[in-house]
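Student: A single structure is presented below for examination.
The values are calculated or read from the model by the stated rules, or taken from the named source; none is laboratory data. All of these numbers come straight from a predicted model, not from anything done at the bench. Note that each Cβ is placed from the backbone with ideal geometry, even for glycine, and that neighbours are counted across all protein chains shown.
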Amino acid sequence: VTVAIAARNNNEYGVTIENLFSELGFKPGRRVFVKPNLCGREPVLPGENTSIEVMDALLSVLLLLGCEVTIGHGELLGSFDQQTPFSETLKASRFDKYLGMSGVRVLNLDELPRTVVKTAEMTFHLPLEFLKNQIDSYINLAKIKTHMETTVSLSLKNQMGLPSKADRVAMHKINLEMCIARLATLCRPDLSILEGCPAMEGDGPHHGSARNLNLIVAGDDMVELDSSVACLLGYEAEQIKHLLFSAELDVGKFIETETLEKLEEFKVVGFLHANKAFRFGRTVTAYPTYSCSRCICAVQHAGRSIRRHPLKHGRFLLKALLGTERTAVVFGRADKASIPIADENRRLICIGSCAKVYAESHGVDCLDKCPPGLDEALRYITK
Ligand code: SF4
């Protein structure tokens, strides 16, 4: 058995995790590293970060087995006018309660020494000394989420917390989906666990809504695991680029049809997939095209500020609500296919250095900053 599913109609996550361990024949070593997903910023939405209940359950099982557990996560990307200290990331998801707990260590992965690894796409800076020599088992504890840019965020995407901060920015600039696949060839968990307690559907990973699937899925092959869950959520797994690239790089194999048929009872009906763009009013559409969280935060901040101060931004609001000309706000590594051609009459506002090539090819200016400041992006958009 390489993929095991449990927890349907069952809230006893500890029992579920024990069952998964035994079904998979997984025996953790003495020193276990757990990598959760804590990518949400205050206020964290339900379904955005790893469920504290599932983390509690996994910890209790590991501690019962006599393991020493390290929970490790990197710092969130920030810009000069917005930084999220690691302590705040922990607090926002209640992970600060593990600080000082007996048998548990909470680690800021960005403080670990790095090993330089050159690949065809980019040079990674990875905590390989830690992964190879300081732990015995690596558990990749990922969330079941949609993703507006990579379609889904499952076990392969969850590994993005391992490379250095600069690498995480570079991955977005180069080719995010290929870099996720390449990363999976360099860092391989002993076990990956996907939890949807709750999952995030709709515009994940940061703007979707929570949906409790009450589902925990585990496996030792990230491609098989992610493809099985993607199929259960109504996706065609082969259409998800980072899964396809990972399979091509021999990270793992897509779930076989025969195995998938046995999982039929776990199919999620009507799971909302992510849109490619946000709407603002009637005429403004924002396209996050392989953007990292820093440009997403900048554009999100602009949207929130405009709503909060309608008088100050009355001209923009009027155009957004009652205007006739369509406007596209583009951020990230946009390409030709990023914006629907049907939007021909649109005015373009390009934010961040990644969108510069796109802006030039359309003869418009770009806020050529990486990352753009929050207020700077607001001023640029409203101007
Ligand atoms: S320009 Fe924006 S999306 Fe591109 S790497 Fe910089 S902050 Fe991220």
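Student: Could you tell me whether any residue of the range 21-36 is modelled with pLDDT under 95, assigned to a helix (DSSP H, G or I) and touching a Phe, Trp or Tyr at 6+ places or on another chain (Cβ under 9 Å)?
Tutor: Checked against the condition, which is being modelled with pLDDT under 95, assigned to a helix (DSSP H, G or I) and touching a Phe, Trp or Tyr at 6+ places or on another chain (Cβ under 9 Å), the range 21-36 yields no hits at all.
Student: Within 13 Å of the ligand (Cβ to nearest atom), on the phi < 0 side of the Ramachandran plot and either in a loop (DSSP other than H, G, I, E, B) or not acidic (Asp, Glu) (or both) - does that describe any residue in the range 340-347?
Tutor: Pass one, the range 340-347, residues within 13 Å of the ligand (Cβ to nearest atom): none.
Looking for residues that are within 13 Å of the ligand (Cβ to nearest atom), on the phi < 0 side of the Ramachandran plot and either in a loop (DSSP other than H, G, I, E, B) or not acidic (Asp, Glu) (or both), one finds none in the range 340-347, hence no.
Student: Identify all residues within the range 100-148 that are charged (D, E, K, R), surrounded by fewer than 24 Cβ atoms within 10 Å (Cβ to Cβ) and within 28 Å of Asn214 (Cα to Cα); write none if there are none. Steps first, please.
Tutor: Going through the range 100-148, the residues charged (D, E, K, R) turn out to be 105, 110-111, 114, 118, 121, 129, 132, 136, 143, 145.
Filter again for surrounded by fewer than 24 Cβ atoms within 10 Å (Cβ to Cβ), leaving 105, 110-111, 114, 118, 121, 129, 132, 136.
The one that is charged (D, E, K, R), surrounded by fewer than 24 Cβ atoms within 10 Å (Cβ to Cβ) and within 28 Å of Asn214 (Cα to Cα): Arg105.
Student: Another question, then. Could you check, for the range 155-163, whether at least one of its residues is out of contact with any helix residue (DSSP H, G or I) (no Cβ under 8 Å at 6 or more places or on another chain) and free of Cβ contacts under 8 Å to residues at least 12 places away in the same chain?
Tutor: No; the residues of the range 155-163 include none that is out of contact with any helix residue (DSSP H, G or I) (no Cβ under 8 Å at 6 or more places or on another chain) and free of Cβ contacts under 8 Å to residues at least 12 places away in the same chain.
Student: Any idea how many residues of the range 75-122 are modelled with pLDDT of 95 or more, polar (S, T, N, Q) and within 16 Å of the ligand (Cβ to nearest atom)?
Tutor: 0
Student: How about the range 52-78: which of its residues are small (Gly, Ala, Ser), out of contact with any Ser or Thr (no Cβ under 9 Å at 6 or more places or on another chain) and crowded, with 21+ Cβ neighbours inside 10 Å? So that I can check it myself, show each step before the final result.
Tutor: Of all residues in the range 52-78, those small (Gly, Ala, Ser) come to 57, 60, 66, 72, 74, 78.
Those still in the list that are out of contact with any Ser or Thr (no Cβ under 9 Å at 6 or more places or on another chain) too: 60, 66, 72.
Within the range 52-78, Gly72 is the sole residue that qualifies.
Student: What are the pairs with Cβ atoms under 7 angstrom where one residue, in the range 365-383, is over 11 Å from Cys297 (Cα atoms) and the other, located anywhere, is within 14 Å of the ligand (Cβ to nearest atom) and among the basic types (Lys, Arg)? Sequence gap at least six, or different chains.
Tutor: Cys366/Lys356; Asp368/Lys356; Glu376/Lys369
Student: Something else now. Quick one: in the range 273-286, which of the residues that are closer than 15 Å to Gly202 by Cα and part of a strand (DSSP E or B) is farthest from the ligand (Cβ to nearest atom)?
Tutor: Of all residues in the range 273-286, those closer than 15 Å to Gly202 by Cα come to 273-279.
The next check asks that each one be part of a strand (DSSP E or B); those that pass are 278-279.
Values: Phe278: 15, Arg279: 20 Å.
The residue in question is Arg279.
Student: Listed residues His242, His301; which is more than 16 Å from the ligand (Cβ to nearest atom), farther than 30 Å from Val15 by Cα and not in a loop (DSSP other than H, G, I, E, B)? Break it down stepwise before answering.
Tutor: On the way: His301 fails: more than 16 Å from the ligand (Cβ to nearest atom).
Checking each option against the conditions leaves just His242.
Student: Considering each of Gly352, Gly314, Gly270 in turn, give the residue that is surrounded by fewer than 18 Cβ atoms within 10 Å (Cβ to Cβ) and more than 30 Å from Tyr235 (Cα to Cα). Walk me through how you get there before you give the answer.
Tutor: On the way: Gly352 fails: surrounded by fewer than 18 Cβ atoms within 10 Å (Cβ to Cβ); Gly270 fails: more than 30 Å from Tyr235 (Cα to Cα).
After ruling out the rest, the residue left standing is Gly314.
Student: Out of Leu58, Leu63, I need the residue that is at pLDDT 95 or above and closer than 30 Å to Gly202 by Cα. Which one? Give the derivation first.
Tutor: Working: Leu63 fails: closer than 30 Å to Gly202 by Cα.
From the options Leu58, Leu63, the qualifying one is Leu58.
Student: Starting from the range 266-286, take each residue that is in contact (Cβ under 8 Å) with a residue 40 or more places away in the chain and list its partners that are polar (S, T, N, Q) and part of a loop (DSSP other than H, G, I, E, B), counting only C-beta distances under 8 angstrom and pairs at least six apart or across chains.
Tutor: Here the result reads Thr283/Thr324, each pair linking the range 266-286 to a residue that is polar (S, T, N, Q) and part of a loop (DSSP other than H, G, I, E, B).
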